[in-house]
Every structure is written in structure tokens, then in C-alpha cells.
Amino acid sequence: MPREEVSQEDLHALGVDLARDFPGSTAADFRRYPVLSEGGWFIAVKHQRTLESVAREPGPLLGPIILASDGLDVN
Amino acid sequence: MTVSLKDLDDGQFTERYGADRFTATVLASRMRYIVQHMCTGLLNNAFSLILRDWYDFAATISGPPEQNYPMSSVSNSLAMFLGTMSEAVRNTVEEYGPENLRPGDVVICNDPYRAGNHVNDICFIRPVFAGDRLISFVTLRAHQLDMGGVVPAGFSGTKRNVYENGLVIAPTLLYRDNKPIKSAFNLIFDNARYCALLLPDIKTIYANLLLGEQLILESVERYGVEAYLGAIRYSTDVSAEAMRTALAELPDGVYEAEEGIDCDGIDDTVDYRIKVKITKSGPRMELDFSGTSPQARTSINAGILDTKTAVGVALKFLIDPATPFTSGAYRDIDIVLPAGTFISATPPDGAVFLYWESTGPVLLAVFRALEKALGRKAVGGDYGSLNIHNANGVLEDGTPWVTTAQCGGEHGPWGATEAGDADSYSVVYQANNLDPATEAIESELPAVVLRKEYTPDSGGAGTNRGGAAVLKDTLYLTAAEHWSSPLHTKSPSGLGVYGGKSGGLGATWVFHADRGDVVRRKELIGTTDEVYAEATPVAGMLNPDTKCIDPDGKYFYFASTPVWHTKPHAVFRYLTNGGGGWGDPTERDPERVKKDVRDEYVTIEGAYRDYGVVITGDPLTDPEGLQVDEAATRKRRAEMAAR
């Protein structure tokens with residue numbers, strides 16, 4: 001599963017202060033990717049060593065699954 | 001820093017949960033009582049063998065949309081359903097639209113990709129309203145004996161797509177204002193077989209949803225809505241905290257393992273492998289399944305939610321067995337899983353039916369990956385495959401019959417633990433079901449269960465011994481067609497741990513009547529090696545000449561004959577895999593080995609070979625006269641230690 005790189009600007013926008021919250025870490029220590037957990041699918045930004053999430057946005061209801069009926073417009 | 005639940009003072013607790021600690025606990029217990037009561041009601045009144053004799057259903061309670069549907073209570077039944085049902089409720093209700101629900105509704109969904117499991121496992125979801133407010137859902141997921149598709153009763157690994165697999169029901173209203181919706185029933189009954197059994201069972205399911213709703217509303221009337229909703233949060237927080245505590249006790253690190261399944265239903269040329277990389281840091285865990293093989297060409301696939309279940313069950317077994325398996329158990333666990341693998345199949349080509357055969361290795365991969373980190377707390381592997389036998393035919397008077405999951409190798413051994421020897425007759429770790437009674441089978445089917453017994457020397461040797469493999473022979477009195485699905489015969493599933501040895505391999509054979517009719521001969525088929533010369537292999541690693549099990553032999557492919565057509569008096573023999581042992585076998589007390597020889601779990605030869613214990617006597621003619629030769633045992637064990 002590909003894990004997107006995260007920039008320092010991205011982390012800043014998420015309210016992360018690296019010096020305060022993750023001393024010794026850089027933006028290269030974070031990745032953005034979908035996870036399945038309690039509550040369903042999330043697009044998480046996670047510190048890879050500690051697994052701490054700095055962002056968890058709800059993802060698509062079925063995650064990466066595409067149904068045959070997805071996109072069907074019956075109107 | 002998170003304050004543990006027991007360290008909250010009374011004020012903090014009440015503020016968080018809208019109820020005092022005592023009330024929240026009472027309501028949490030009450031919810032567990034409710035789901036169990038719903039299950040008892042279905043079990044006692046079901047007609048279908050798969051519900052009545054297998055307990056192939058589960059009940060849950062979930063919270064409302066504004067809480068994101070937390071699943072706070074689960075029944076003591078099929079774990080394979082429990083891990084999917086929290087998402088099943090959310091996905092079904094969100095697609096249907098919570099705003100479209102009203103009191104008196106029941107919504108159903110059976111789509112494996114939306115709701116997990118397979119199409120026969122319909123989720124029946126009842127919204128619970130307190131006045132006009134949607135406060136909860138009670139859900140029964142129950143296996144329907146048939147859901148259409150090309151295989152009667154459905155259990156087969158040879159179906160090639162969703163169109164062959166069976167009827168897919170997107171979120172659909174089944175009841176409105178407590179009245180059945182005829183068109184929804186027609187959808188099922190125009191597609192499914194054995195509807196005379198399905199209809200009363202669906203009515204019973206509906207009645208038990210009403211029971212669950214009624215009991216919830218009685219509690220809400222007594223304690224109030226806020227206390228009830230607080231108790232839902234509290235119940236999931238208890239599970240989350242227990243799992244978090246258990247995770248924190250595991251050593252941090254990266255743990256990897258691979259597992260597999262024999263093949264799919266097209267041919268045996270494709271190697272299906274699960275790769276898992278587990279990263280553990282503090283109280284958090286991430287399981288990444290990237291690199292797992294693409295989805296299979298037939299219905300051996302599992303869906304994403306089934307894989308989520310297997311992860312949860314594995315971790316509950318290994319590190320947190322004491323608290324209920326609510327949705328909160330996953331709070332500090334992230335699963336990374338791309339779509340389109342054989343444990344995350346997609347429609348329409350990634351047919352999902354025998355999903356547990358593919359998620360069993362997920363569970364085993366977690367067991368294997370964490371074995372060293374767990375040390376003494378590692379758990380041995382089980383028999384690995386339900387070896388489901390699915391058959392049907394017609395009686396002389398034209399009445400159709402069907403058997404499903406009764407006469408194969410559905411039940412077998414578990415792996416040993418630090419606590420002791422393993423049980424030899426349970427159902428796989430991810431399930432929690434009954435064993436259909438032989439009397440029930442024989443009273444309803446033209447079938448006779450000839451053998452149902454343990455096999456010596458099949459359980460993994462260890463300080464604590466793995467469970468023994470189960471051998472089962474079933475005689476079919478009429479002509480029949482059969483689908484046989486043993487999918488873990490190439491390598492042992494009964495993983496040995498902490499120095500224990502792995503369990504033996506299983507296999508399946510059919511003895512056609514023209515090669516030895518047990519009815520005419522009036523004697524059972526023996527269990528010695530020479531009898532297999534008369535057998536036709538169905539699946540397993542076998543010597544091609546003798547047809548006996550041989551780990552270095554030839555693999556006989558389970559779907560080489562996709563449908564077995566047999567004449568009257570054919571016998572199918574299933575031998576499950578053995579369970580894994582725990583601990584060094586040469587540390588096992590010789591007296592315990594002697595007892596195993598007396599009870600025929602171990603032979604005298606096996607005691608010598610696997611345990612280094614020399615036993616004299618004859619277990620068949622003088623079982624209480626067996627003796628341990630202590631001097632010879634010391635010598636033998638010294639030889640084994642010197643290797």
C-alpha cells in the first residue's frame with residue numbers, strides 16, 4: 001500500500017510542532033495512508049516510529065472497495 | 001495522558017458517561033444479556049440445520065449515527081460475524097440513509113463487500129427509537145441455508161464471480177411499520193432454495209429483533225436515554241482500554257510472517273500468500289498486509305472486513321481474552337490493506353464465499369509473527385480449515401435433501417498453550433459454534449456417520465500437547481453430488497510454539513461403493529495404511545502409490561473434480577490437521593505421556609519418537625498396565641538432547 005510523503009507545511013497545518021511534539025523527528029518520519037480501525041476507514045497521517053496519528057479524517061465508507069453499482073445514476 | 005477507567009472519580013465518570021459507574025455497569029451487563037437472549041430465542045426456534053445445529057448466527061447492539069455506530073455488545077457466538085457487524089450496521093444504515101428510518105423498520109444487507117462474510121449471512125438490522133430519537137440498533141446476522149447461486153447451499157470454493165455466488169442484497173427494507181414488505185421477501189424467495197425453512201426462520205429472527213428492542217426500551221425507560229448512550233460508550237471504552245493495556249505489555253518492534261492457502265478452485269498453479277508486517281509501538285499496533293497475493297479466481301476469497309475480524313480474533317486470543325469483543329477493541333489497532341488481494345477481494349470477479357479459509361491464515365500469520373515476542377504466552381495453531389462438505393440429492397419419493405457443514409471435517413483440534421494440552425474437538429479459532437449431533441444428521445439425511453474419532457500421533461508434540469486430528473467417515477445412502485473444500489493440506493496449520501512441534505497434516509478421500517461397499521460388507525473401513533489403496537484422493541499431500549499421507553508426497557488438488565457425483569453407499573473420509581504443541585516435548589512428564597498412550601492420543605512408537613519416553617505394555621489389551629521405563633527414557637532423552 002503506497003504511503004504518501006507529508007511536508008512540513010502539511011504538519012504545520014495540522015497543528016504539529018515537531019520540536020515540541022516529536023523531538024528529533026522531521027517531516028520525513030510521517031506518512032499519509034488509509035487505515036481500517038474502530039469506526040471504519042480513515043485517511044491517517046501517522047508518525048511512523050511511534051504510530052501516533054496527527055490526523056485521522058474519515059475515509060470512504062467502504063475504503064478502497066469499488067462496487068459494480070458505484071457511480072450509477074438512476075435519475 | 002489517558003486516565004484509566006477505574007481511576008476516574010465519581011464526578012468524572014458521571015460527566016463522561018451520563019450515568020454513575022454502577023448504572024453504566026448495570027446497563028452494559030444488561031446489553032450483553034439482551035444479545036444473548038436474542039440468540040437463545042433464535043436457537044430454540046430455528047428450523048434450518050445451520051442455525052439450529054450449528055449456531056451460525058450472532059447478535060449485536062450498536063449505538064446511533066452521532067456516535068458513529070459503536071458496537072457495544074456482542075453475543076457469545078460466531079466470532080467471524082462479530083468483527084464485521086460493526087461496519088455492516090454502519091455501511092448498511094449510511095447507504096440506506098438514517099434519515100429514512102422510522103420505528104417498525106427492519107433493514108437487511110448481505111453483500112460481502114459492504115457488510116462482510118458471505119451472501120448467505122444476512123444482516124437483519126432493527127433501528128431502536130426512544131420516541132422520535134434514533135438511539136440504537138439491534139442486529140442479528142444469521143446464515144440462510146441457501147441464497148441462490150450455482151451451488152445448492154452455497155459452500156464451494158469453485159464459484160468464479162458474484163453472479164455464480166448467489167443473490168446480493170444491497171441495503172433493503174424488509175419490514176416497515178412492523179409489516180413485512182412483500183417485494184423484499186419475493187426478492188429472496190424467488191432466488192433462494194429451501195424456502196420452507198427460510199421463511200419461519202426469518203420470522204423468528206424478526207421476533208427476536210423485537211425482543212431486543214423491547215428490552216432496550218425497558219432499560220431506557222428506567223435509566224434514561226443519556227445513561228443508555230453513555231453505557232454504549234463505556235462498554236466500548238472498556239474493550240479499548242483492555243486491548244491498549246495488553247498491547248503496551250508486548251515488546252515494541254517489527255514482526256513479520258507469511259502464511260498461505262493451498263490453491264483456488266481453477267487449478268493448483270497459483271500460490272496464494274499472505275504477508276503481514278506488524279509494527280508495535282507503545283500501546284499502538286499497525287498490521288500492514290501489503291504484498292499479499294492478488295485475489296483468487298474463485299470463491300475462496302475473503303473480504304476486507306473478514307480480515308479485520310481475523311486480526312481482532314487473533315489479538316483477543318493472544319493478549320486480551322478476558323473482555324468482550326466490542327468495536328472498541330480496534331481503537332489502537334490500524335489495519336493497512338490494499339483492495340484486490342485474496343483477503344480483500346473486490347466485485348464482480350473476486351467472489352467471496354469460503355472467506356474463513358483465507359482469513360484463517362491471517363490469524364495464523366499473526367500468531368506466527370508474534371510467537372517470539374509472546375514467549376510463554378504463545379498459542380499453538382489449530383486445524384486450520386473447516387473442510388466443509390456440501391452435498392445434496394433426492395430421496396426415492398422425490399424429496400430433495402441437503403447437507404452442509406455437517407459431514408466433512410468441520411470440527412477439530414486447537415493448539416496447546418502454557419495452560420495445558422489443547423482440546424481436540426472444537427471449531428476453528430475464528431468460529432464458536434455447535435457440533436451438529438449425529439442423531440440430528442441421521443434423522444434428517446440419507447447419511448450415516450460411521451466414524452468420528454481422534455487419530456493417534458496427530459497432535460503436535462510438546463510439553464503441552466496439541467489437540468488430536470479428527471477422522472470422520474460418512475456413508476451416503478443415495479446417489480449424491482458433493483462439493484468438498486479442504487484448503488489447508490499442504491503445510492501444517494497446527495503451528496507448534498515455544499519449542500513445541502507442529503500438528504500433522506490432514507487429507508480427504510472418497511471410497512466409492514464399487515471399491516468396497518461397507519453396507520454389503522457390513523464392516524467399517526479400517527484406519528490402517530492399506531485401506532487407502534481402495535480410496536480416491538480428494539485433497540492432501542499423499543503418496544501417489546499408497547494414497548497415504550506423506551508430507552513429501554504429491555499434492556492432490558481439491559477441485560480436480562469440482563463436483564463429486566457418487567452412487568449410493570459412497571463414503572467420504574475427512575482427516576483434519578492436528579493442533580500445534582507448546583513447549584519442548586522432552587520436558588513433558590513421562591507419566592502424562594503414558595496417560596496419552598493409554599488414551600490413544602499417542603502410540604508407544606510416537607512416545608519414543610516424539611517425546612523420548614519408553615513405554616512398555618499394550619494400550620489395547622491392558623491399558624492400565626502400561627509402564628514407563630525410566631532408565632530407557634533417560635537414555636533416549638539424553639540422545640535426543642545431544643542431537
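What are the lysines whose alpha-carbon lies under 30 Å from the alpha-carbon of residue B:6, with same-chain residues fewer than 8 places away excluded?
A:46, B:280, B:308, B:316, B:377
So what is the 222 nm mean residue ellipticity for the protein assembly as shown from helices alone, if each DSSP H run of at least 4 adds -39500 (n - 2.57) and you divide by all residues, rounding to the nearest 500 deg cm²/dmol?
Computed ellipticity for the protein assembly as shown at 222 nm equals -9000 deg cm²/dmol.
What's the local net charge at residue B:376, with K and R +1, D and E -1, over the other residues with C-beta under 14 Å away?
Neighbourhood net charge equals -3.
Using the Kyte-Doolittle scale, find the helices of chain B whose mean hydropathy is at least -0.5 and whose Cα atoms extend 20 Å or more along the helix's long axis, counting only whole DSSP H runs.
B:21-45, B:79-96, B:195-223, B:225-249, B:304-318, B:355-374
Tell me whether chain B comes out rounded, prolate or oblate; compute the Cα gyration tensor, take square roots of the eigenvalues as a ≥ b ≥ c, and use a/c under 1.5 as the rounded threshold.
The shape class here is oblate.
Hey, could you pull the Cα Rg and Dmax for the protein assembly as shown, both in Å?
26.3, 86
Any idea what the relative contact order of chain B is, in percent, if you count C-alpha pairs under 8 Å spaced at least 6 apart?
Once divided by the residue count of chain B, the mean separation gives 12 percent.
The stretch B:458-556: D in µm²/s via Stokes-Einstein (Kirkwood Rh, Cα pairs, 4 °C, 1.567 mPa s)?
In µm²/s, the coefficient rounds to 86.
By the gyration tensor of its Cα atoms, with a ≥ b ≥ c the square roots of the eigenvalues, what is the shape of the stretch B:209-324: rounded for a/c under 1.5, prolate for a/b over b/c, or oblate?
Since a/c reaches 1.5 but b/c is at least a/b, the shape of the stretch B:209-324 is classed as oblate.
If you take the beta carbon distance between residue B:221 and residue A:52 as r and set R0 to 51 Å, what does 1/(1 + (r/R0)^6) give as a FRET efficiency, to the nearest 0.05?
Using R0 = 51 Å, I get an efficiency of 0.75.
If you take all C-alpha pairs in the stretch B:5-238, what percent of them are over 22 Å apart?
Value for the stretch B:5-238 (Cα pairs over 22 Å): 50 percent.
Using the Cα atoms of the stretch B:267-391, I'd like the radius of gyration and the largest Cα-Cα distance, Dmax, both in angstrom.
Gyration radius and largest Cα-Cα distance of the stretch B:267-391: 14.8, 50 Å.
Where Rh is the Kirkwood radius over the Cα pairs of the stretch B:378-585, the temperature 10 °C and the viscosity 1.306 mPa s, what D in µm²/s does Stokes-Einstein return? Show your work: numbers first, answer last.
Working: Rh = 17.1 Å.
Estimated via Stokes-Einstein, D reaches 93 µm²/s.
Pairs of alpha-carbon atoms within less than 8 angstrom and 6+ residues apart define the contacts here; what relative contact order does the stretch B:589-642 have, in percent?
Contact order relative to length: 31 percent.
Using a Förster radius of 30 Å, what is the FRET efficiency between residue B:600 and residue B:419 based on their Cβ-Cβ separation? Nearest 0.05, please.
Efficiency, rounded to the nearest 0.05: 0.85.
Starting at 0 and stepping by 10 Å, how many percent of the alpha carbon pairs of the stretch B:136-229 end up in each bin?
14, 37, 27, 15, 7, 0
Over all pairs of distinct alpha carbons, what does the Kirkwood formula give as the hydrodynamic radius of the stretch A:4-58, in Å?
For the stretch A:4-58, inverting the mean 1/r across all distinct Cα pairs yields 11.3 Å.
For the stretch B:380-443, compute Rg over Rh where Rg is the Cα radius of gyration and Rh is the Kirkwood radius from the inverse mean 1/r over Cα pairs.
1.13
At 0.36 nm per residue, and after removing the present C-alpha to C-alpha distance, how many nm does the segment from residue B:376 to residue B:45 gain when stretched out fully?
114.8 nm
For the stretch B:61-169, report the translational diffusion coefficient in µm²/s to the nearest whole number, using Stokes-Einstein at 25 °C, 0.890 mPa s, and a Kirkwood Rh over Cα pairs.
Roughly 169 µm²/s, to the nearest whole number.
Could you tell me the calculated FRET efficiency between residue B:643 and residue B:267, based on Cβ-Cβ distance and R0 = 56 angstrom, to the nearest 0.05?
According to the calculation, E is roughly 0.85.
Given axes a ≥ b ≥ c from the Cα gyration tensor, I'd like to know whether the stretch B:559-643 is rounded (a/c under 1.5), prolate (a/b larger than b/c) or oblate.
Prolate.
Bear in mind these aren't lab numbers, they're just calculated from the coordinates by the rules spelled out. A quick note: this is a predicted structure, and the numbers were derived from the prediction, not measured. Here Cβ is always computed from backbone atoms with ideal geometry, including for glycine, and neighbour counts include all displayed protein chains.
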